[in-house]
Amino acid sequence: MNFKKITPISDLIEFCGPLISEVKGDTSLKVKNFTTLETSSTESFVFINNPKRLYKINETKSRCVLLPMSALDKVEVTENQVFLFSYNVDRAAQVIKKEFVFPTPYRSDFAGVHSTAIVHESSLIQEGVTVGPYAVIGKNVEVGKNSFIGSHSTIEDNCQIGENVTIHPQVYVGHSCEIGNQCEIMPQAVIGSEGFGYAHDEKGNHYRIPHTGKVILEDDVHVGAGTAIDRGTIDDSIIGRGTKIDNQVHLAHNTIVGKNGLITAQVVTAGSSQIGDNFICGGKSAITGHIKITDNVNIAGFSGVSNDVKEPGQYGGYPLLPLKQHLKVKASSNHLPEFRKQLNRVLRKLFPEDYQ
């Protein structure tokens with residue numbers, strides 16, 4: 001992908017500040033695109049974040065390479081070449097790409113409230129807000145400065161949207177929900193749908209329970225495409241500051257997720273799960289309702305959490321086990337047929353009368 005304009009390496013270094021710790025080579029060189037090592041040209045910016053891949057330097061055409069600090073004494077710069085060194089290559093590359101190549105959260109070139117958008121007269125749209133074509137904003141909604149509401153999105157009554165929020169096209173935000181500053185909600189996400197809660201009678205009929213809680217996304221939360229976060233039955237569903245949620249995740253009513261979580265695709269929670277800070281969860285995992293997971297827990301993909309997790313650490317499997325134990329059990333299971341044969345042979349030797 002091309003840079004917004006041909007850019008001197010010195011500009012990248014200046015903007016990154018302390019993220020670039022050392023420089024070798026000619027900083028007057030310029031770059032015009034951000035590519036992989038394999039597709040690079042002489043005017044490409046590329047990076048290597050794994051020291052084991054340093055040999056790739058000899059295969060790239062790029063004259064500008066971002067490298068880990070551990071490579072500082074392992075590589076030699078040639079004429080018309082520059083190496084940048086960082087203790088956090090991924091972060092430095094992310095900053096460069098966001099500032100000089102493509103801004104995320106995504107914003108279209110359109111600005112202001114589109115003529116086809118429907119915005120209720122009681123709502124407050126702050127300075128710098130963009131409301132895309134055919135978007136609908138209900139009563140008593142407040143949208144903070146420089147936020148973006150994508151086309152065909154719906155913001156129901158009494159919602160509060162913070163500053164610098166990006167709501168992509170075709171997003172639904174239910175009534176009374178609160179979206180913090182710098183949040184991003186990807187297409188076709190549903191924030192504040194009714195939870196799955198019913199009362200029942202003796203004849204087996206089911207009666208929907210109105211859900212009067214809301215969803216609160218604290219600052220800097222990312223919600224992936226096709227994700228659904230249900231509102232609370234009475235209390236609120238809350239997603240903590242800095243938590244990032246992948247595509248096609250379902251968080252049920254009254255779910256509480258702490259700060260700085262990472263929840264990957266197709267994770268589901270049942271109602272009233274309480275999850276602590278710094279939670280990391282692999283894809284297709286399931287968390288049952290009315291349990292508590294403490295801070296600093298890492299759950300492997302395809303796991304099932306059916307009881308409280310009271311100690312920080314890495315876990316996996318179903319029933320949930322400490323990760324090392326789970327991996328041993330998983331590895332052993334492949335040998336069960338052979339174990340069974342061996343056990344039968346031993347039992348026949350020990351108890352021949354029982355194995356006629």
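Each value in this text was obtained by applying a stated rule to the coordinates, not by laboratory testing. Quick caveat: nothing in here was measured; it's all calculated off a predicted structure. Note: ideal-geometry Cβ built from the backbone for every residue, glycine included; neighbour counts use all protein chains shown.
What is the magnitude of the charge dipole of the chain about its Cα centre, with +1 placed on the Cβ of each Lys and Arg, -1 on the Cβ of each Asp and Glu, and no other charges, expressed in debye to the nearest 20? Before the final figure, lay out the partial values.
Values: 35 positive and 38 negative charges, 324 e Å.
With only Lys, Arg, Asp and Glu charged at Cβ, the dipole is about 1560 debye.
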Worksheet entry | For Leu66, distant residues with modelled amide H under 5 Å away | Val46, Phe47, Ile48, Leu84
Practice prompt. For an R0 of 56 angstrom, estimate the FRET efficiency from the Cβ-Cβ distance between Asn49 and Asp201 and round to the nearest 0.05.
Written response: 0.40
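Pulled fully out, how much extra length does the chain show between Arg345 and Ala331, if you take 0.36 nm times their separation in residues and subtract their Cα-Cα distance? Display every interim value, and only then the final one.
Working: separation 14, 0.36 × 14 = 5.04 nm, distance 2.26 nm.
Between Arg345 and Ala331, full extension yields 2.8 nm more.
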Worksheet item: Could you work out the helix-only [θ] at 222 nm for the chain, with each DSSP H run of four or more residues adding -39,500 (n - 2.57) and the total divided by the number of residues, to the nearest 500 deg cm²/dmol?
Response: -3500 deg cm²/dmol
Item to complete: Output ³J(HN,Hα) for the range 12-27: one whole-Hz value per residue in order, computed from phi by the Karplus curve 6.51 cos²θ - 1.76 cosθ + 1.60 with θ = phi - 60°, and x for Gly and Pro.
Response: 4, 5, 4, 5, 6, x, x, 5, 9, 8, 9, 9, 10, x, 8, 7
Fill in: Unit charges at the beta carbon, dipole of the chain: most positive-side option, Gly180, Gln126, Gly282
Gly282
Fill in: Set of lysines near Lys74 by C-alpha distance (under 25 Å), chain-local residues within fewer than 8 positions excluded
Lys24, Lys30, Lys52, Lys56, Lys61
Fill in: Highest-MSF residue in the chain out of Lys292, Lys214, Lys74 [GNM, Cα springs under 10 Å]
Lys74
Worksheet item: How much of the DSSP beta bridge set in the range 125-210 is antiparallel, as a percent to the nearest 5?
Response: 15
Fill in: Residue with peak Gaussian network fluctuation, the chain [Cα springs, cutoff 10 Å], from Ser108, Ser303, Ser151
Ser108
Worksheet, complete the sentence: With the dipole of the chain defined by +1 on each Lys or Arg Cβ and -1 on each Asp or Glu Cβ, the option from Val82, Ser273, Gly261 whose Cα lies farthest towards the positive pole is Val82
Item to complete: Would you be so kind as to identify which of Ala252, Asn307, His326 lies farthest towards the positive end of the dipole of the range 207-328, taking Lys and Arg as +1 and Asp and Glu as -1 on Cβ and the Cα centre as origin?
Response: His326
Worksheet item: In whole Å, how far is the Cα centre of the range 123-141 from that of the range 26-65?
Response: 43
Worksheet entry | Cβ-placed point charges (K, R +1; D, E -1), dipole of the range 1-103 about Cα centre in debye, nearest 20 | 320
Worksheet item: For the chain, modelled as a Gaussian network with Cα springs under 10 Å, which listed residue fluctuates most, Ala117, Ala71, Ala189?
Response: Ala71
Fill in: Residues with amide H under 5 Å from that of Ser285, placed H, sequence gap 5 or more
Val267, Val268, Phe302, Ser303
Worksheet entry | Amide hydrogen neighbours beyond the local backbone of Val136, cut-off 5 Å, H modeled | Ile118, Ser153, Thr154, Ile155
Worksheet item: Among all the lysines, which ones have a C-alpha under 18 Å from Lys341's C-alpha, if same-chain residues fewer than 8 places away are not counted?
Response: Lys349
Practice prompt. Rounding to the nearest 20 debye, state how big the charge dipole of the range 152-224 is about its Cα centre with +1 on each Lys and Arg Cβ and -1 on each Asp and Glu Cβ.
Written response: 300
Worksheet item: Each residue of the range 103-112 in turn: what ³J(HN,Hα) in whole Hz from Karplus with 6.51, -1.76, 1.60 and θ = phi - 60°, glycine and Pro shown as x?
Response: x, 10, x, 5, 10, 7, 6, 5, 9, x
Fill in: Given [x] 21.0, 70; [y] 20.4, 65; [z] 26.5, 90, the label whose value is Rg and Dmax of the Cα atoms in Å derived from this model
[z]
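Can you classify the range 229-295 as rounded, prolate or oblate using the Cα gyration tensor, where a ≥ b ≥ c are the square roots of its eigenvalues, rounded means a/c under 1.5, and otherwise it's prolate if a/b beats b/c and oblate if not? Write out the running numbers ahead of the final one.
Values: a/c = 1.43, a/b = 1.21, b/c = 1.18.
Rounded, because the longest to shortest axis ratio a/c is under 1.5.
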Discussion item. Cut-off under 24 Å on the C-alpha distance; same-chain residues fewer than 8 positions from Lys284 excluded. Which lysines are left, in chain and number order?
Written reply: Lys244, Lys259, Lys292, Lys310, Lys324, Lys328, Lys330
